[in-house]
Amino acid sequence: MKTLLRMVPLLAAAALFAGCGEEPQVIKYEAGKYQGKRDTLPWDSAAYGGDKARWESDMRARIGNQNELRRMPAD
Amino acid sequence: MARMKFLCDAERCIECNGCVTACKNENEVPWGISRRRVVTIADGVIGKEKSLSVACMHCSDAPCMAVCPVDCFYRTEEGVVLHDKDLCIGCGYCSYACPFGAPQFPQEGAFGQRGKMDKCTFCAGGPEEDGSQAEFEKYGRNRLAEGKLPLCAEMCSTKALLAGDAAEVANIFRERVVRRSGNGADISGWNTAYGKGSLEADMKKGAESGGGAK
Amino acid sequence: MKRQLVSCLRHGAAALVATLAIAALPAGAADAPPPANVAAEAIGAGLVQPGNNANAFREARRGEDQSITFAAPPDRVLIQSQGETWRQMRNGPITQYGGWAIVVMFLGLVVFYAVRGEIKLTDKRTGKLMERFKFIERLAHWSLAGTFVILGLTGIAMLFGKHLLLPLIGHTAFGYLAWAAKNVHNFIGPLFLVSVLLMVVLFVRDNVWQAIDALWIRKAGGLLSGEHVPSHRFNFGEKTWFWLGVVFLGLMVGTTGLILDFPLYGQTRQDMQLAHMLHSGGAMLFIALSLAHIYIGTVGMEGALEGMKTGYVDETWAREHHEYWYREARGERIPDNAPRPGHKASAAH
Ligand code: SF4
Ligand code: SF4
């Protein structure tokens, strides 16, 4: 019992030590890597049903629509 | 898709605040919060006045993520920074750290108690089922899951505000700038807005993953 | 700090070069498309360029002369670079040095206890008691102590919980815990400040410098030698804790806490960042020092806790630890430091 009680501060100290390490607190962004909590991916929605390629091509078209120069009649 | 980004062209923004209004309406943002804001520099000074529309920039090395005591932020494959309102404790730290003033809080209770943090989601909802009522109420519309882009950019009348894959947006902008007879390495301002080296890195990744120029 | 300075210098230099470049251009050049060679030069310097957003963002970053039509956010600048400094401070020195300060103090006390053991009374107890703390004094002390422990634990949960608890209990459970911690922290905080103020009012009189304190400093309180150094009601160690801990740190942490707790009085983000750095940095030091105080008040010294618990100490304890106070209470005159008028009352039965 006595040794066990002696262990308590040691364990507490060990637990406290853990907080003092110099670890990066944010994961560096890497393109195309999901870094997070459980959340459905955009192409897993009702509209796309997991078809990532179709989602991407739709997005690309949509982005292109923002370019009024491309939408202008060529002259 | 490599990396979702916003781009605001200071040469085009006319400070109409349409993006602010569109966002509030589309996402039914809580009272007192504007997820997007338009800031004008040197208002009224001829030749120097510039406006920029800014919301969460979905940082690569996100300060909000680094300081959140409950670690409620996460990043999607497209580089969109989202957060979990169920975990958020309303401490306000993300708003101290964020360079762009993106995180905002509904006031809750008598002494300025903060409610759950609210910020731009790149119209990508949050950690609830895509398109569900719960997701809409907490985070707003999930337009990405519907194959659409953030409304603020899509409805921008002067196309100052662009949104989408970094490589695609950069292409649009490059085309535009060529017409404006400009040139230069970081004409988009991304290295200032997203951090050093972000332009080059994302462009490269974008080109590799086939999201770039055709 | 260094980062900030460097970036200030950088911005300053950029602005200077920009002004010079603009001044060098012929009037009206900004409106008309500049001749190719001028444009190329300007690009080389990363400066004046028609349609270059980088310039606008650089301007924005300086944070000057900006306005916003919709007044929802509390500050009107586009980019607040100070946030990064705050992040570096909080996640860097405050978390790391603060954490280490607490750990090192804790381990130091464990070692001290192992070496020195409990400071026991040398003589037998007389059984006669002296009043050391009045009821109101004990009330102030224990309400300060109670709120301090609650605030310390909830504060630690919010600063270190991400590293200590979150990996153990997971996001959901920790989310609830942190939510509770934050609310408890926010509501108990003002009570803490009230207790601090009460403490200051009650104890300031006996904590002023007295000649005998020099002896205590010279002998390091007899902590290591085991010698009993005479003192008045409070010795220099206790006075240090009073001035540095209760008065300085207590008031600093308490008032910055109020600033953070009630954000509706026009504080800017920068005010909040500064308040938070002082608050959490001060709190780390406060917690580390408090461990020593708690140690000496409980397991470190026989009879110390009794005094604060019941308000009474044994005469032997009084004589050994606060000899002058003991003698004054018995009506003796202390030659080098005559009791101030009305002072005896606090020690009378
Ligand atoms: S802009 Fe602000 S809220 Fe958005 S990712 Fe960056 S730090 Fe976080
Ligand atoms: S307010 Fe919420 S999201 Fe922001 S740092 Fe605090 S817990 Fe995290």
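Which of B:Lys5/B:Lys119; B:Lys148/C:Lys162; B:Lys5/B:Lys148; C:Lys162/C:Lys182 have a Cα-Cα distance over 24 Å?
B:Lys148/C:Lys162
Need one number: buried accessible surface between chains A and C, 1.4 Å probe, both sides summed, DNA, RNA and ligands left out, in Å² to 100.
1300 Å²
How would A:Trp55, C:Trp241, C:Trp142 line up by accessible area, probe 1.4 Å, largest first?
Largest to smallest exposure gives the sequence C:Trp142, C:Trp241, A:Trp55.
Calculate the length of the line joining the C-alpha centroid of segment C:147-226 to that of segment C:289-317, in whole Å.
With segment C:147-226 and segment C:289-317 each reduced to a Cα centre, they are spaced 18 Å.
Dipole size in debye (nearest 20) for segment C:216-335 around its Cα centre, Lys and Arg Cβ +1, Asp and Glu Cβ -1?
That gives a dipole near 280 debye.
Taking loop as defined by DSSP and a crowding limit of 15 other beta carbons within 10 Å, which trypsin sites (Lys or Arg not before Pro) in segment C:244-332 fit?
C:Arg330
What's the average, rounded to a whole number, of partner chain beta-carbon atoms within 10 Å of each residue's beta-carbon in B:79-92?
5
Summing both sides, how much accessible area is buried between B and C? Use a 1.4 Å probe and give Å² to the nearest 100.
Roughly 4800 Å².
For chains B and A, what's the summed buried accessible area, probe 1.4 Å, to the nearest 100 square angstrom?
3700 Å²
Can you spot the aspartates and glutamates whose alpha carbon is less than 12 Å from B:Lys50's alpha carbon? Ignore those fewer than 8 places along the same chain.
Cross-link targets: B:Asp9, B:Glu11, B:Glu15, C:Glu59, C:Asp65.
Between the DSSP loop rule and a limit of at most 15 other Cβ atoms within 10 Å, which GluC sites (Glu not before Pro) in segment C:60-152 are left?
C:Glu64, C:Glu118
Quickly rank C:164-172, B:171-179, B:140-148 as a protection proxy: mean count of other C-beta atoms within 10 Å, highest first.
Most protected by this proxy first, the peptides run B:140-148, B:171-179, C:164-172.
How large is the dipole of segment C:83-329 about the Cα centre if only Lys and Arg carry +1 and Asp and Glu carry -1, each at its Cβ, rounded to the nearest 20 debye?
The dipole of segment C:83-329 has a size of about 240 debye.
Rounded to the nearest 20 debye, what is the charge dipole size of segment C:87-194 about its Cα centre when +1 sits on each Lys and Arg Cβ and -1 on each Asp and Glu Cβ?
Here segment C:87-194 has a charge dipole of around 160 debye.
For a quick protection proxy, order the peptides B:68-77, C:96-105 by their average other-Cβ count within 10 Å, most packed first.
Sorting B:68-77, C:96-105 by mean packing, highest first, produces B:68-77, C:96-105.
What is the average number of partner chain Cβ atoms found within 10 Å of a Cβ in C:55-65?
6
Roughly how crowded by other chains is peptide C:173-182, in terms of the mean Cβ count from those chains within 10 Å of each of its Cβ atoms?
For peptide C:173-182, the averaged partner shielding equals 5.
The values are calculated or read from the model by the stated rules, or taken from the named source; none is laboratory data. Small disclaimer: the values here were computed from a predicted structure and weren't measured. Ideal geometry is used to build each Cβ from the backbone, glycine not excepted, and the neighbour counts take in all protein chains shown. In case anyone asks, the SASA skips ligands and DNA or RNA and just uses the protein heavy atoms, side chains included. Shrake-Rupley method; radii C 1.70, N 1.55, O 1.52, S 1.80 Å.
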